[in-house]
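Structure record follows, encoded as structure tokens.
The values are calculated or read from the model by the stated rules, or taken from the named source; none is laboratory data. Not measured: the values here are computed from a predicted model. Every residue, glycine as well, gets a Cβ built from its backbone with ideal geometry; the counts of neighbours run over all protein chains shown.
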């Protein structure tokens, strides 16, 4: 999935990211959108999606977790992110390169039992599409589904 496909799905660019000095750095470019809760997001490197995710909490909090967890894993510190995943981030994002993060609010649906966001379902569908369309060595999602 490239930026055109994500834009078609309603996602917009919200941040740029890079790795420098064994640190993941995320620069927010859309401070309003990263305040969204119950949203879906995608990381792109070289114009192609490498990770899809969702966040129940404000997206800016989830991005802080990425900064901390990938940085800790890159430096051999305890982290929820496996060392192999951090190494893959570094491989896909060599020095001097950067990527983009796209996001949008999860869709809200109305049913006989009320209104709710279906962002988790949307995430699952996008992850499935990612695994169908991308070389698996370029995908940073650990599971094919949430």
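The table for this structure:
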quantity: Condition broken by residue 34, with the remaining ones in (1) surrounded by 22 or more Cβ atoms within 10 Å (Cβ to Cβ); (2) touching a helix residue (DSSP H, G or I) at 6+ places or on another chain (Cβ under 8 Å); (3) part of a strand (DSSP E or B) satisfied; calculated: (3)
quantity: Single residue of 19, 70, 25 found to be closer than 22 Å to residue 126 by Cβ, surrounded by 13 or more Cβ atoms within 10 Å (Cβ to Cβ) and touching a strand residue (DSSP E or B) at 6+ places or on another chain (Cβ under 8 Å); calculated: 70
quantity: Any hit, the range 77-87, residues being part of a helix (DSSP H, G or I) and either touching a residue at least 40 places away in the same chain (Cβ under 8 Å) or touching a strand residue (DSSP E or B) at 6+ places or on another chain (Cβ under 8 Å) (or both); calculated: yes
quantity: Sole exception among (1) within 17 Å of the chain's Cα centre (by Cα); (2) at pLDDT below 95; (3) more than 19 Å from residue 20 (Cα to Cα) for residue 82, by number; calculated: (3)
quantity: Cross-chain or 6+ apart pairs with Cβ under 8 Å, the range 112-130 first and more than 24 Å from residue 142 (Cβ to Cβ), then surrounded by fewer than 19 Cβ atoms within 10 Å (Cβ to Cβ); calculated: 115/108; 115/109; 116/108; 116/109
quantity: Filtered residue count, the range 135-146, keeping only those that are under 15 Å from the mean Cα position of the chain (by Cα) and either in a helix (DSSP H, G or I) or at pLDDT 80 or above (or both); calculated: 4
quantity: Candidate set from the range 1-25 (those that are in a loop (DSSP other than H, G, I, E, B), at pLDDT below 95 and touching a helix residue (DSSP H, G or I) at 6+ places or on another chain (Cβ under 9 Å)); member that is farthest from residue 42 (Cα to Cα); calculated: 22
quantity: Boolean, residue 96 is out of contact with any helix residue (DSSP H, G or I) (no Cβ under 8 Å at 6 or more places or on another chain) and either assigned to a loop (DSSP other than H, G, I, E, B) or in contact (Cβ under 8 Å) with a residue 24 or more places away in the chain (or both); calculated: yes
quantity: Of residues in the range 56-67 being touching a residue at least 24 places away in the same chain (Cβ under 8 Å) and surrounded by 17 or more Cβ atoms within 10 Å (Cβ to Cβ), the one nearest to residue 141 (Cα to Cα); calculated: 66
quantity: Residue 53 vs. criteria surrounded by 15 or more Cβ atoms within 10 Å (Cβ to Cβ) and touching a residue at least 12 places away in the same chain (Cβ under 8 Å); calculated: yes
